[in-house]
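Before any comments, here is the structure.
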Amino acid sequence: MTSAHSQGDTRIFVKECSSLAKAGYEVYLVIRGESGFQNGVHIVGVGQPTGGRVSRMTAFARRVYEAALKLDADIYHFHDPELLPYGLKLHRKGKKVVFDSHEIYPAQIRTKQYLPRPLRGTIAFFYQKYEQYVCNRIDGLIYPCTLTGKENDHTQCQHMALINNVPILEELYDRYDAEAHKEERSICYIGSLTRERGISNLVRAAEKADCTLYLAGDFSTPEYKEEVLSAPNAAQIQYVGKLNRDEIRELLMRMQIGMVTLRNIGQYHAGNNLATKTYEYMSLGIPVIQNHSAYNDRVMEKYRYGIAVDPDDIDEIANAIQYLLDHPEEAKQMGLNGRKAVREEFNWGVEEEKLRKLYQDILGEKQ
């Protein structure tokens, strides 16, 4: 069940639903859009939300719940905070229920620009208490990472699994082309385009390093898009919009460096996992420039797949870009190191087994 995500969502549909269908489960995905059948998954479309964010989180969330309830499933797996009350209702009806938390939401709420700044801390506090209340009563919790080594305080949930949003080897890793042509002095960032994720700093660093910055994804607001694309060095910025998976691969294979200089805001510096885009860069043999964090630095020390920088130090970012451009053989080896890390540790095959075990445990199935 999801009220916030679109059909074809990589984590929900491509990875989790498809893996469960492959494992022999009868899987229904209740989601916005039209109904259909793909990858062994029954897609139950409930149309599109109307109105703004509040309408989606209330009326549309209830529509998703009502469609899911009609299926009379053995297990209900939901993905959005606005569905927490419905997860609790399903539990009270005797259903097995799993909450799949894509983010550490209390930390993320504190960075939401659409919320009044003085209220963010209070909203985050009460949200965390309610999320804990629900998770301590339902059957399972999936979370994307720990914060500073803790399991997010959901210690009373009966079944928990840390499932990292890492790549499917067949999608990117296996389609690597060692002979692909690289654009001269090219760097890229794919994902949500926000100030907190370091986009403004990347624009300034690209100017200092005299390189072309490719941006792929959605801007947080039209105003921020206008600000970035009207920067003094706008000629160095190539905005390519939101890309599908094949288009992302095509773009990345042309790039010399992948950027993921997330600022130390919210969970970005405290989460014990790498950003999803980092794994995608690594899959395709692209050296990575990433922000310092305790976890990032440990993985970088182990695999040597790029350079870690202070995400708010424009000169340091620019110098790291210039270093990799000036040392192509070292950059190539870093890219190969990243591929080794994905092959050995950071791939969906590892996480898929965790998901299967969680379902087996909740349903009381033999291993």
For 188-199, 320-331, 112-123, ranked highest to lowest by mean beta-carbon neighbours within 10 Å, the order is 188-199, 320-331, 112-123
Calc'd 3J(HN,Hα), segment 346-352, phi into Karplus 6.51 cos²θ - 1.76 cosθ + 1.60 (θ = phi - 60°), Hz, glycine/Pro = x, comes to 9, 9, 5, x, 5, 6, 4
Beyond 26 Å (Cα-Cα) in this structure, taken from Lys96/Lys354; Lys15/Lys129; Lys182/Lys354; Lys129/Lys302; Lys22/Lys242; Lys15/Lys96, we find Lys15/Lys129; Lys182/Lys354; Lys129/Lys302; Lys22/Lys242
For segment 1-144, inverting the pair-averaged 1/r of distinct alpha-carbon atoms gives a Kirkwood value in Å of 15.8 Å
With Pro118 itself left out, Lys, Arg at +1 and Asp, Glu at -1 over residues whose Cβ is under 15 Å from its Cβ give +4
Relative contact order as a percentage, segment 133-227, C-alpha pairs under 8 Å and 6+ apart, gives 22 percent
Taking the alpha-carbon centre of each part, the distance from segment 208-245 to segment 116-145 in Å is 33 Å
Of all DSSP beta bridges having both residues in the chain, the percent classed as antiparallel (nearest 5) is 15 percent
To the nearest Å², the heavy-atom accessible area per residue of the chain with 1.4 Å probe amounts to 46 Å²
Distance in Å, no decimals, from the C-alpha centre of segment 266-343 to the one of segment 65-100 is 38 Å
On the accessible surface of segment 49-157, probed at 1.4 Å with all protein chains in place, carbon and sulfur together account for a percent value of 52 percent
Heavy-atom accessible area of segment 222-335 with neighbours in place, 1.4 angstrom probe: carbon+sulfur share in percent works out to 48 percent
Check: C-alpha center segment 1-61 vs C-alpha center segment 156-183, spacing in Å is 21 Å
Which residues qualify? For Tyr76, with a placed amide H closer than 5 Å and at least 5 residues away or on another chain, they are Lys96, Val97, Val98
HN-Hα couplings for segment 232-247 via Karplus (6.51, -1.76, 1.60; θ = phi - 60°), in whole Hz with x for Gly/Pro, come out as x, 9, 4, 5, 8, 9, 10, 8, 10, x, 8, 10, 7, 5, 5, 5
The ³J(HN,Hα) series, computed from each phi in segment 36-42 with the Karplus coefficients 6.51, -1.76 and 1.60 at θ = phi - 60°, rounded to the nearest Hz and given as x for glycine or proline, is x, 9, 8, 6, x, 10, 7
In deg cm²/dmol, rounded to the nearest 500, the helical mean residue ellipticity at 222 nm of the chain, built from -39500 (n - 2.57) for every DSSP H run of length 4 or more, is -11500 deg cm²/dmol
Of all DSSP beta bridges having both residues in segment 97-246, the percent classed as antiparallel (nearest 5) is 5 percent
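The values are calculated or read from the model by the stated rules, or taken from the named source; none is laboratory data. Owing to the predicted nature of the structure, the values given are computational and were not obtained by experimental measurement. Reconstructed Cβ throughout: ideal geometry from the backbone, glycine too, with neighbour counts over all protein chains shown. What goes into the accessible areas is simple: the full protein's heavy atoms, side chains included, and nothing from ligands, DNA or RNA. Shrake-Rupley method; radii C 1.70, N 1.55, O 1.52, S 1.80 Å.
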